[in-house]
1. Could you please let me know if Y182 is modelled with pLDDT of 95 or more and under 42 Å from the mean Cα position of the chain (by Cα)?
2. Do you know which of the residues in region 167-187 that are open to solvent by 10 Å² or more (accessible area, probe 1.4 Å) and outside any loop (DSSP other than H, G, I, E, B) is nearest to N246 (Cα to Cα)?
3. Being out of contact with any strand residue (DSSP E or B) (no Cβ under 8 Å at 6 or more places or on another chain) and open to solvent by less than 100 Å² (accessible area, probe 1.4 Å) is the filter here, so list the residues in region 300-315 that pass it.
4. Restricting to region 131-156, and then to whatever is free of Cβ contacts under 8 Å to residues at least 60 places away in the same chain and of a type outside the set (D, E, K, R), can you tell me which residue is least open to solvent (accessible area, probe 1.4 Å)?
5. Of everything in region 22-54, what is part of a loop (DSSP other than H, G, I, E, B), surrounded by 15 or more Cβ atoms within 10 Å (Cβ to Cβ) and among the β-branched types (V, I, T)? Give them in sequence order.
6. Restricting region 254-266 to residues that are assigned to a loop (DSSP other than H, G, I, E, B), closer than 17 Å to N148 by Cα and of a type outside the set (S, T, N, Q), which is least open to solvent (accessible area, probe 1.4 Å)?
7. From the residues in region 55-92 that are in contact with a His (Cβ under 8 Å, 6 or more places away or on another chain) and assigned to a loop (DSSP other than H, G, I, E, B), which one is nearest to F285 (Cα to Cα)?
8. What number of residues in region 5-21 are within 15 Å of the chain's Cα centre (by Cα) and open to solvent by 60 Å² or more (accessible area, probe 1.4 Å)?
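The values are calculated or read from the model by the stated rules, or taken from the named source; none is laboratory data. Computed from a predicted structure; not experimentally measured. Neighbour counts are summed over all protein chains in view; Cβ atoms, including those assigned to glycine, are modelled from backbone coordinates with ideal geometry. We work out accessible area using only protein heavy atoms, side chains counted, and drop any ligands, DNA or RNA first. Shrake-Rupley method; radii C 1.70, N 1.55, O 1.52, S 1.80 Å.
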Amino acid sequence: MNGVLIPHTPIAVDFWSLRRAGGARLFFLSHLHSDHTVGLSSTWSRPLYCSPITAHLLHRHLQVSKQWIRALEVGESHVLPLDEIGRETMTVTLMDANHCPGSVMFFFEGYFGTILYTGDFRYTPSMLKEPALTLGKQIHTLYLDNTNCNPALVLPSRQEAAHQIVQLIRKHPQHNIKIGLYSLGKESLLEQLALEFQTWVVLSPRRLELVRLLGLADVFTVEENAGRIHAVDHVEICHSAMLHWNKTHPTIAILPTSRKIRRPHPDIHIIPYSDHSSFSELRDFVAALKPCRVVPIVSRQPCEDYFQDSLSPRPSMPMIPDSVQQYMGSFPRKPSTLWLLERRLKRPRVQGVMFESPEVKAGQSQADRDSKKTKKEKLSPRAGNLEKSSPHPLKVKKQLFPDLCSKEWAEAVPSCESQKMVTVLTAPLGFSVQLKFADEEFLSPETREEIGLGSPLIPREDSDGPAAAGNQSAWIGHGSPLSHSSKAAPLLGTESRGLSLKYLLTPVNFFQAEFCSRSFDQQVEKYHKLLKYRQENPD
């Protein structure tokens, strides 16, 4: 991947990993070759700046949404904000990089000084006549395409390499010509060969669309047998393909590249035609600009030592404006789906009630059971105190509801009493349950008589008295799914409500140390039958 995050700025060029982008907020694309678009896909959702041709190809081939693509005219200067309030701005100028259709160099000017990012480029002396480079501005940092920055690698100019290809084709007048190319680039070479040999060049439909966009000569077709020159994908040039092609017609293949490639077949010819600057051209370019610093774009190939004699003194490090720092440190307004998913996965999970079967715990010692009981008492210490002071639930009822025991069921509850918070009761499993009074009924008369309670606990939907007005919510288990306002409809039926209240009024120490969900209800009913018997036979 060839891309950079420019330090101390919110600028990223050919860099598309948002996870590693840090404070980058302005993203630029130099051209559409695959090694400069790693991580860029149809899911991209940030403003992206590029040339008009690249913008068209980006939407057409990578399906990036047009709402994020910002096409900037080549040869013009554009002012872009560096913060959210527009206090700090920068100027960016796009210049033709002479590499492939739509490729550009970026010239940035701002609080950070001046930065030239070449991207992939093939140097020509005419580049020094660009208006942005002729004003005598000192270039502080030069991000340089160092693909061919090797003194041992001597490359001809593109004109000389094109002449070698023409001579090779002339030596094979009866052969078909297969030219291996990448998906983008060297279209001008194909046009030159078509005009030189007065023949059609056969292209794929995708590349034909591109050459029409570029406005090249009408010498291209998709008809397989229309001409002897065929542009194919470079990976198709192999030994087996050469055998297949030569069975039907004599064929040679040409790979126009400066890379060192092994020839798998005698009829495959490698011509050093390159769209990257040669070492000598890089030396001339740096010597003409005299930047303060050279940073290689291909990081695995250091090249700074080759240009030390052409560098200017380095200036001091500029200060980052406060507004830019805030801009770089702020999060995007619309977080990505992946970020939201990671945040959700980090939330603690709430575990529910787990009942252990007697079989699993059958071998547990009495000491373990006592320890488990002690832990439960620690979780609900107020329950233990309640049981010691008032072991009988009827006495508990009289202590908690002294004003209500002498009243009729239909009589309204005084507002001053209904607004008091009741002492915390303890449920069988250690749940803390808080109850408030209201002025409407909650249980059926049968259930009320059975448990000896004459006070409502949860208001009905139509509660509108002074007590209801003072209690916006009479609730059970605050923060649990049973919580609801006084205006909500009752959650439980009459029979279920009575059974629920039986659970709440059954002392914890009545339950066996080991119980399962199947015997839970039976133990509750057993307790309340015993309680009813004691009420009917007090002696």
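1. On the way: modelled with pLDDT of 95 or more: no; under 42 Å from the mean Cα position of the chain (by Cα): yes.
For Y182, the condition - modelled with pLDDT of 95 or more and under 42 Å from the mean Cα position of the chain (by Cα) - is not met.
2. It comes out as N176.
3. Q301, Y306, S310, S312
4. A132
5. Result: T37, single match.
6. Out of the qualifying residues, it is I261.
7. In this case the residue turns out to be L72.
8. Total meeting the criteria: 3.
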